[in-house]
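The values are calculated or read from the model by the stated rules, or taken from the named source; none is laboratory data. All values reported here derive from a predicted model rather than from experimental measurement. Here the Cβ positions follow ideal geometry from the backbone for every residue, glycine too, while neighbour counts run over all protein chains shown. The protein model used for the area step is the full one, side chains on, heavy atoms only, and it has no ligands, DNA or RNA in it. Shrake-Rupley method; radii C 1.70, N 1.55, O 1.52, S 1.80 Å.
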Amino acid sequence: MRSMILMLGLLLPSASWAVEPNRTNTAAPARWPFETQVGTFHVHSDYDTSSRRKLLNQLADLKPQLQEQLQIRIHDEPVHLILFAQHHNYRDYLRLYFPNIPDRQALFVKRRGPGMVFAYENRNMEVDLRHETTHALLNASLPYVPLWLDEGLAEYFEAPPAQRATGSPHHRTVGLRALVGRVPDLERLENLDGVSEMHAAQYRDAWAWVHFLLHESDQSRRVLTGFLQDLQAHSPPGSLSRRLAAEMPDYRDRFLRHFR
Ligand SMILES: [Zn+2]
């Protein structure tokens, strides 16, 4: 999930801390009870995240992983991670500051300035944070990212590194569909109008194309990395499906062979 909206000023702690007397007289940015930094991630939380150190270090490793696999430069722009111990505090905070955003388990928000990722402690938090911070790093580094590709890459990198090539829950479904000749429609993905048109099937299909591009062959990988490099160079990249058709005219058959 990603959401591009206007940021309204400072990162505010939730209301209960904002009214604490020792914080009302200062013009400095509001501080959270716990703050730490890992790589480019500035972590603000309402609980002690020291037990999450391993996860936070893994998030910092995403930058070199993205650079290596996507062959683009990931910028060092700060990203704010705002973490809550409890779902209700997370939900109340988002309703207060971002009332128009749908209720999701985790969220990436960016317009101008640093990106922000919101999440709360739950059993999917590791996957959610890898997904949302992938959005944050890509959107800090590229002038824009096509919606389907942004979600496909986030779905791909949300898995732990050792499971990305073979351990995604999407793999089996895409493989079964490939057995009956189903190739997801890349052009339709490219023409989606907004996040509201992304449902489970679109996330799965976006993942499938990213997996195909990254793992089918050096040729397919170059189609993806060339596209991203053109984006990063502000050179209009055109559509990826057209590039794929030009460079690998049998790409639909190759998609089926890749996943069968
Ligand atoms: Zn997403």
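Determine the relative contact order of the chain: mean sequence separation of Cα pairs under 8 Å and six or more apart, normalised by residue count, in whole percent.
For the chain, the relative contact order is 17 percent.
Looking at the square roots a ≥ b ≥ c of the eigenvalues of the Cα gyration tensor of segment 150-211, which shape do they give, rounded for a/c under 1.5, prolate if a/b is larger than b/c, or oblate?
Note, shape of segment 150-211 comes out oblate.
On average, how much accessible surface per residue is there in the chain, in Å², for a 1.4 Å probe, leaving out ligands, DNA and RNA?
Averaged over the residues of the chain, the accessible area is 49 Å².
Projected onto the charge dipole of segment 167-207 (+1 at Lys/Arg Cβ, -1 at Asp/Glu Cβ, origin at the Cα centre), which of His171, His199, Pro184 gives the Cα projection farthest towards the positive end?
The residue sitting farthest along the positive end of the dipole is His171.
Looking only at the chain, where both bridge partners belong to it, what percent of the DSSP beta bridges are antiparallel (to the nearest 5)?
Counting only bridges with both partners in the chain, antiparallel ones make up about 45 percent.
Largest first and in whole Å, what are the equivalent-ellipsoid semi-axes of the chain based on the Cα gyration tensor, each being the root of 5 times an eigenvalue?
The three semi-axes for the chain are 36, 18, 17 Å.
About its Cα centre, what dipole magnitude does the chain give when the only charges are +1 on Lys and Arg Cβ and -1 on Asp and Glu Cβ, stated in debye to the nearest 20?
I would put it at about 260 debye.
Show me the trypsin sites (Lys or Arg not before Pro) within segment 80-173 that DSSP assigns to loop and that have at most 10 other Cβ atoms within 10 Å of their Cβ.
Counting only loop positions with at most 10 other Cβ atoms within 10 Å, the trypsin sites (Lys or Arg not before Pro) in segment 80-173 are Arg112, Arg123.
Can you give me the long-range amide H partners of Leu81? Hydrogens built in the peptide plane at 1.01 Å from N, cutoff under 5 Å, separation of 5 or more residues or another chain.
HN-HN under 5 Å from Leu81: His42, Val43, His44, Val117.
Rounded to the nearest 0.05, what FRET efficiency do Glu247 and Arg182 give with R0 = 22 Å and r taken as the Cβ-Cβ distance? Could you check?
According to the calculation, E is roughly 0.45.
I'd like the distance separating the alpha-carbon centroids of segment 125-166 and segment 170-209, in whole Å.
After rounding, the separation between the Cα centres reads 16 Å.
In Å and on Cα atoms, what radius of gyration and Dmax does segment 112-201 show?
Final numbers for Rg and Dmax: 14.6, 46 Å.
Helix 53-70 versus the longest principal axis of the chain: what angle, 0 to 90°, nearest 10, using Cα atoms?
40 degrees
Quick one: check the C-alpha center-to-center distance for segment 44-78 versus segment 84-124, whole angstrom.
18 Å
May I ask you to give the percent of accessible area on segment 143-260 that is carbon plus sulfur, with a probe radius of 1.4 Å?
Answer for segment 143-260 is 48 percent, counting heavy atoms of protein chains only.
Which FRET efficiency value, to the nearest 0.05, do you get for Ala162 and Asp103 by plugging their Cβ-Cβ distance into 1/(1 + (r/R0)^6) with R0 = 35 Å?
Taking R0 as 35 Å, the efficiency between Ala162 and Asp103 is 0.65.
R0 = 25 Å: FRET efficiency of Glu197 with Ala85, Cβ-based, nearest 0.05?
In this case the efficiency is close to 0.15.
Enumerate the residues in segment 44-71 having an amide nitrogen under 18 Å from the point lying 7 Å beyond the Cα of Asp92 toward its Cβ.
45-48
Per residue of segment 141-150, what does 6.51 cos²θ - 1.76 cosθ + 1.60 with θ = phi - 60° give for ³J(HN,Hα)? Whole Hz please, x for Gly and Pro, Karplus curve as stated.
Karplus values, whole Hz, x for Gly and Pro: 10, 10, x, 7, 10, x, 3, 4, 6, 4.
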